[in-house]
Amino acid sequence: MASTWASGRASGTSALMSAARVLRFCVVEARPAVLAVSMLRFLAGAMLALPVAVAPVPAEVLQGGAAWVLSIFAIYVGNGVSDVTEDQVNGSRRPIARGDLDPRVAAWVAAAAAVVSLVATAGLPGAMTWVIAANLVLGYLYSGAPFHLKSRSGGTIVVLCGSGLLAYWGGFTVVIGGTGESTPIPLIMFAVAATCWMTLVGVPAKDLSDIAGDAAAGRRTIAVTCGARVTSNVMSAAALILAASFCVVSLALGVPLAWAALAMLVGAVAVTLAGRAADAGADRSRRRRPYRAFMATQHIVHITVLFSNI
């Protein structure tokens, strides 16, 4: 009897460790940096709603943020399942591509996370449930059959625009509830600028590092069709023009976004300098540098907004 109990206990411990291992790999597959900036977008939407809103309930803001991040987690794990071939060609070290995470298990985890993200909106303003549902639909359109909008840069931009704006709208929605308050100008400005950064700069930056895999998968991204040099030039021009415009408009309107705009301008210079080394003959590590600069800028800009508006 004792040996049976010990065996059952050992089996339960093993199952728990296996589940924890799968969850850890899924978090890595979903990219912790992406999950972090997703939460920052949501919190920025909540923070910039404060001029027109009553005092927010911190627990509700955190609940809404958790629901949002869960939906992003589900989308990115699902995307990893659909990207196995191209990720392997690109030399990705994420768990599914390197064979440490079974795609079928990952697909089940993604589906469960999608359901939980919807359930997690219980008790929040009803519009928040629709925000999460819309984000999940965009995620499926991006990766799922027969749509595969990720196959072209244009499709990627449409999905990212929609998802980015939903993040800020979700934070705003949780804070204002059903009061019907109008969206403040600083939130509109920041949401547009940050979403343009994510799409007009982030998409070409990501494409630069994935040319081989995207070509093998039959995708028609800007980097595949136009080459690394043209893509780098487009990315650099978009970054500098967007950041400079954000600075000028922020100062002209006197909105509390000047520090965030300055951070974006510094990031635009960093992306441009990194892009100069990302020619067709460079290894993937060098072609990855513009994306790293783009991602770091995203984090810094959003953190700047949060601290400068507290």
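The values are calculated or read from the model by the stated rules, or taken from the named source; none is laboratory data. The structure presented is a predicted model; accordingly, all values stated were derived computationally and were not measured. FYI the Cβ positions are ideal-geometry reconstructions off the backbone, even for glycines, and counts take in every protein chain you see. Keep in mind that these areas ignore ligands, DNA and RNA; they rest on the heavy atoms of the full protein, side chains included. Shrake-Rupley method; radii C 1.70, N 1.55, O 1.52, S 1.80 Å.
Tabulated values for the structure
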{"item": "Every residue from the stretch 257-310 that is β-branched (Val, Ile, Thr), open to solvent by 40 Å² or more (accessible area, probe 1.4 Å) and at pLDDT 95 or above", "result": "Val266, Val269, Ile300, Ile303"}
{"item": "Some residue of the stretch 25-46 being touching a Cys at 6+ places or on another chain (Cβ under 6 Å), among the aliphatic types (A, V, I, L, M) and more than 30 Å from Ile185 (Cα to Cα)", "result": "no"}
{"item": "Qualifying residue in the stretch 244-252 (condition: modelled with pLDDT of 95 or more, under 18 Å from Gly202 (Cβ atoms) and open to solvent by 50 Å² or more (accessible area, probe 1.4 Å))", "result": "yes"}
{"item": "Residue match in the stretch 56-71 (condition: in contact (Cβ under 8 Å) with a residue 40 or more places away in the chain, in contact with a helix residue (DSSP H, G or I) (Cβ under 7 Å, 6 or more places away or on another chain) and over 26 Å from Ala111 (Cα atoms))", "result": "yes"}
{"item": "Unique residue being crowded, with 21+ Cβ neighbours inside 10 Å and out of contact with any Pro (no Cβ under 9 Å at 6 or more places or on another chain) when the list is Ala133, Ala191, Ala145, Ala238", "result": "Ala191"}
{"item": "From the options Phe307, Phe246, Phe294, residue that is touching a Gly at 6+ places or on another chain (Cβ under 7 Å) and either part of a helix (DSSP H, G or I) or at positive phi (or both)", "result": "Phe294"}
{"item": "Search result, residues across the stretch 158-169 that are open to solvent by less than 50 Å² (accessible area, probe 1.4 Å) and in contact (Cβ under 8 Å) with a residue 24 or more places away in the chain", "result": "Leu160, Cys161, Gly162, Ser163, Gly164, Leu166, Ala167, Tyr168"}
{"item": "Count - residues of the stretch 194-210 that are over 30 Å from Leu262 (Cβ atoms) and surrounded by fewer than 21 Cβ atoms within 10 Å (Cβ to Cβ)", "result": "0"}
{"item": "Hits in the stretch 73-95 (condition: in a helix (DSSP H, G or I) and open to solvent by 50 Å² or more (accessible area, probe 1.4 Å))", "result": "Tyr76, Thr85, Gln88, Val89"}
{"item": "Which listed residue, of Thr121, Thr129, is β-branched (Val, Ile, Thr), under 28 Å from Gly171 (Cβ atoms) and assigned to a loop (DSSP other than H, G, I, E, B)", "result": "Thr121"}
{"item": "Residues within the stretch 1-53 that are in contact with a helix residue (DSSP H, G or I) (Cβ under 8 Å, 6 or more places away or on another chain), modelled with pLDDT under 90 and either within 21 Å of Met295 (Cα to Cα) or open to solvent by 30 Å² or more (accessible area, probe 1.4 Å) (or both), tallied", "result": "3"}
{"item": "Filter result (of a type in the set (Lys, Arg) and more than 20 Å from the chain's Cα centre (by Cα)) within the stretch 54-109", "result": "Arg98, Arg104"}
{"item": "Selection count, the stretch 96-113, where residues are in a helix (DSSP H, G or I) and either closer than 12 Å to Gly80 by Cβ or modelled with pLDDT under 90 (or both)", "result": "6"}
